[in-house]
């Protein structure tokens with residue numbers, strides 16, 4: 001019995017410590033990088049498992065196996081300390097911003113009752129080169145607003161290194177935004193390939209913005225209150241679309257008139273693509289140079305103008321819309337330097 005309990009204790013404490021280590025140590029492989037993401041997001045649960053291991057370690061010591069129990073206690077305490085870091089960081093940010101946190105929502109997320117929302121999937125918003133492009137719509141169901149009280153809209157642009165990913169990947173976020181009073185349009189765009197390199201992706205995003213404006217009455221949307229939201233590659237597209245509504249080289253892929261937006265939100269977006277090419281991510285996690293070559297059809301040496309055209313930092317002006325930048329300080333895929341570049345450009349333009 002003592003050896004069984006000791007084995008379980010040691011397994012729990014050692015495993016939780018090894019998992020949590022990747023939340024602070026740069027991951028050398030993609031699979032370990034995904035472990036590090038999970039460790040940060042589920043750290044409280046991992047800490048609770050380590051706490052169970054500690055309890056079992058105390059039992060083992062009481063049964064007479066002091067050495068085994070002591071090793072498990074040391075491992076478990078280290079795991080708990082690392083597991084406490086993400087929620088403590090969240091509390092620090094929340095305190096600084098003056099917002100409250102819910103432990104229940106932190107642990108379980110916010111459950112949106114299905115009956116409170118209307119979800120329409122695979123709505124066709126354009127046909128480009130013989131291919132239909134779709135979007136998903138999320139909007140509050142109860143109490144359809146009058147035309148005089150239209151809702152704000154959020155156009156969501158998915159990530160995926162410009163050559164992967166799909167709409168609907170973060171449907172929980174779209175549902176939460178809709179639950180809080182916005183109409184959300186989660187859009188599909190043509191992925192980067194030899195046949196559809198840049199600027200096909202930004203052209204489709206702008207087409208979707210224009211389509212939302214043209215169909216504002218149908219979806220009870222205020223066309224003057226449309227924001228863009230994108231993560232990673234989708235963040236780059238969202239920022240670029242927000243800052244270049246009338247750029248002659250970055251036109252929509254369909255016949256729409258107005259692609260201006262009121263605001264833009266970017267989660268960990270690359271914004272200076274030439275710098276990103278010269279400062280690549282770890283190739284064992286993602287080959288960022290190959291990703292950029294696929295997206296922009298070359299390198300900064302052969303296609304310098306294209307890299308400049310695709311970089312949001314190059315298009316910020318005093319008339320650019322309000323921008324929210326969210327970026328992890330220890331992001332190993334898209335360096336936090338990109339957030340600094342974007343912030344500096346916005347501050348110089350007094351946005």
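What do you reckon, is residue 70 at pLDDT below 90 and surrounded by fewer than 20 Cβ atoms within 10 Å (Cβ to Cβ)?
Considered against the rule, which asks whether it is at pLDDT below 90 and surrounded by fewer than 20 Cβ atoms within 10 Å (Cβ to Cβ), residue 70 comes out as no.
If you check 90, 62, 83, which single one turns out to be surrounded by fewer than 15 Cβ atoms within 10 Å (Cβ to Cβ), assigned by TED's automatic domain parsing to the domain that holds residue 15 and under 22 Å from residue 329 (Cβ atoms)?
Every option except 90 fails the conditions.
Go through region 323-351 residue by residue and tally those that are outside any helix (DSSP H, G or I), closer than 19 Å to residue 229 by Cα and out of contact with any helix residue (DSSP H, G or I) (no Cβ under 9 Å at 6 or more places or on another chain).
Total satisfying the criteria: 2.
When you go through (1) modelled with pLDDT under 95; (2) surrounded by fewer than 20 Cβ atoms within 10 Å (Cβ to Cβ); (3) out of contact with any helix residue (DSSP H, G or I) (no Cβ under 6 Å at 6 or more places or on another chain) one by one for residue 301, which number turns out not to apply?
Of everything listed in (1) modelled with pLDDT under 95; (2) surrounded by fewer than 20 Cβ atoms within 10 Å (Cβ to Cβ); (3) out of contact with any helix residue (DSSP H, G or I) (no Cβ under 6 Å at 6 or more places or on another chain), residue 301 misses just condition (1).
Write out, first by first residue and then by second, each pair whose Cβ atoms fall under 7 Å of each other, whose residues are 6+ apart or on separate chains, and whose first residue, in region 43-67, is free of Cβ contacts under 8 Å to residues at least 24 places away in the same chain while the second is surrounded by 15 or more Cβ atoms within 10 Å (Cβ to Cβ) and part of a helix (DSSP H, G or I).
From region 43-67, the pairs are 58/69; 61/69.
In region 307-329, how many residues are exposed (fewer than 13 other Cβ atoms within 10 Å of the Cβ), farther than 12 Å from residue 244 by Cα and out of contact with any strand residue (DSSP E or B) (no Cβ under 9 Å at 6 or more places or on another chain)?
Looking only at that region, the number is 2.
Tell me which residues, restricted to region 261-302, are within 29 Å of residue 212 (Cβ to Cβ), assigned to a helix (DSSP H, G or I) and touching a residue at least 60 places away in the same chain (Cβ under 8 Å).
Listed by number, the residues that qualify are 291, 294, 295, 296.
May I ask you to list the residues in region 273-298 that are in contact with a helix residue (DSSP H, G or I) (Cβ under 6 Å, 6 or more places away or on another chain) and buried (at least 22 other Cβ atoms within 10 Å of the Cβ)?
Within region 273-298, 273, 292, 296 qualify.
Can you tell me which residue among 38, 55 is in a helix (DSSP H, G or I), under 30 Å from residue 268 (Cα atoms), out of contact with any helix residue (DSSP H, G or I) (no Cβ under 7 Å at 6 or more places or on another chain) and not assigned by TED's automatic domain parsing to the domain that holds residue 284?
38
Any residue at all in region 145-154 that's modelled with pLDDT of 90 or more, buried (at least 23 other Cβ atoms within 10 Å of the Cβ), under 23 Å from residue 213 (Cα atoms) and within 15 Å of the chain's Cα centre (by Cα)?
yes
The values are calculated or read from the model by the stated rules, or taken from the named source; none is laboratory data. Owing to the predicted nature of the structure, the values given are computational and were not obtained by experimental measurement. Reconstructed Cβ throughout: ideal geometry from the backbone, glycine too, with neighbour counts over all protein chains shown.
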